[in-house]
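Notes follow once the structure below has been shown.
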There are 2 protein chains.
Amino acid sequence: MVIAMPEPLLTVSEVASRSGFAASALRYYEGEGLIDAHRTSGGQRRYERNVLRRLAFIRAARHVGLTLDEVREVLGELPRSRTPTKADWSRISALWRSRLDSQIDALVAVRDGLDSCIGCGCLSLKKCRTLNPEDVAAAYGPGANYLPKRLREPLPGPG
Amino acid sequence: MVIAMPEPLLTVSEVASRSGFAASALRYYEGEGLIDAHRTSGGQRRYERNVLRRLAFIRAARHVGLTLDEVREVLGELPRSRTPTKADWSRISALWRSRLDSQIDALVAVRDGLDSCIGCGCLSLKKCRTLNPEDVAAAYGPGANYLPKRLREPLPGPG
DNA sequence: GTAAAAGTTAAAGTACGCTTTAAGTCAAGA
DNA sequence: TCTTGACTTAAAGCGTACTTTAACTTTTAC
């Protein structure tokens, strides 16, 4: 019979230095439901090691433009009660991959649009699908498919 | 001898509906020095037609993640006093293209990192350069080149 | 001429993603 | 035990990118 060794828990400063996030950010993420923590009898936070993976994921996600809402949504696919397995992370990977693919497609489309529109110097507002204001307006309607859907929606808050 | 017809100027609501920006955004952009406007004797704004191109550019830039500071910097390459020429826009296109290329590279790197890291299920925090928190920390130091430089810098403000 | 639509300003408000501050509590080593 | 460093909370503050509000003026249409 195997007796499981209890995993050593991490303090705030340990998690902060290992994850690269400020302690205030860790508290903020906890308040936002992105990570969780145990508490000592005195009320101090103690983290499980797997929080580091969640945090690394959060960092990468933020770097490619996901909002915290989106990150929470994706992380919602992970189990809350146990350390995520390979299958758990694989499912997330698939979700995120399609998001990245669509963002990459969008950037390529804009870049190539620039080549043929600004770049060529034709300055034809009527024909240019990237810069024509009328097409931009139309892009919010039902018929426009030049940009991937998420880039045709209104921009999120600050960013 | 050719007498130039004066270009008809556009009202705020015309520019708003043609560009897809709210009137308040137009005022904001003017305050930020991204666009300019003439004034009627009564103080109302009247826009030159080429403001539509600037605005379309701003929208596209925002959609791919440029901040207004960056947009201003790029638009600073355009002449303030005359309607931009092919050469003006071409210069900008080149500037922006390299920015887009680096952002695309970054996304591809992260996506491919996911495939081999999350995707493979190895869960090796020590080896994974995308998700390893120690590598994330190191990425802000001098030696890390996995992510393009601009994605290794701290994230800008909101989002 | 007059009423309604459109425009003006300054200032305040909003959302996101945190950080900073203030005032006090807990944990660990000498 | 004591002191120092780490930690706690609630609340306020900050930067970006705008929008909303309030009070008022200009333009346009009839």
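Counting only other chains, and only Cβ atoms inside 10 Å, what mean value do you get across the residues of B:48-55?
3
³J(HN,Hα) across region B:91-97 via Karplus (A = 6.51, B = -1.76, C = 1.60, θ = phi - 60°), whole Hz, x for Gly/Pro?
With coefficients 6.51, -1.76 and 1.60, one gets 4, 5, 4, 5, 4, 6, 4 Hz.
Amide H of B:Asn50 versus every other amide H placed in the peptide plane: which residues, excluding those fewer than 5 positions away on the same chain, fall under 5 Å?
none
Please compute the Cα-Cα pair-distance distribution of region B:49-91 with 5 Å bins starting at 0, giving whole percents from short to long.
Histogram of Cα-Cα distances, whole percents per bin: 5, 22, 33, 27, 12, 1.
Show me the ranking of peptides B:83-93, A:74-84 by mean Cβ neighbours inside 10 Å, starting with the highest.
Descending mean neighbour count gives B:83-93, A:74-84.
Convert each backbone phi in region B:63-75 into a coupling constant with the Karplus relation 6.51 cos²θ - 1.76 cosθ + 1.60 (shift: θ = phi - 60°), then list the ³J(HN,Hα) values in order as whole Hz, x for Gly and Pro.
Result, ordered by residue: 5, 9, x, 6, 7, 5, 4, 5, 4, 4, 4, 5, 5 Hz.
FYI, it's all coordinate maths here, none of it is from the lab. Remember, it's a predicted structure, so these values are computed and weren't measured experimentally. Ideal geometry is used to build each Cβ from the backbone, glycine not excepted, and the neighbour counts take in all protein chains shown.
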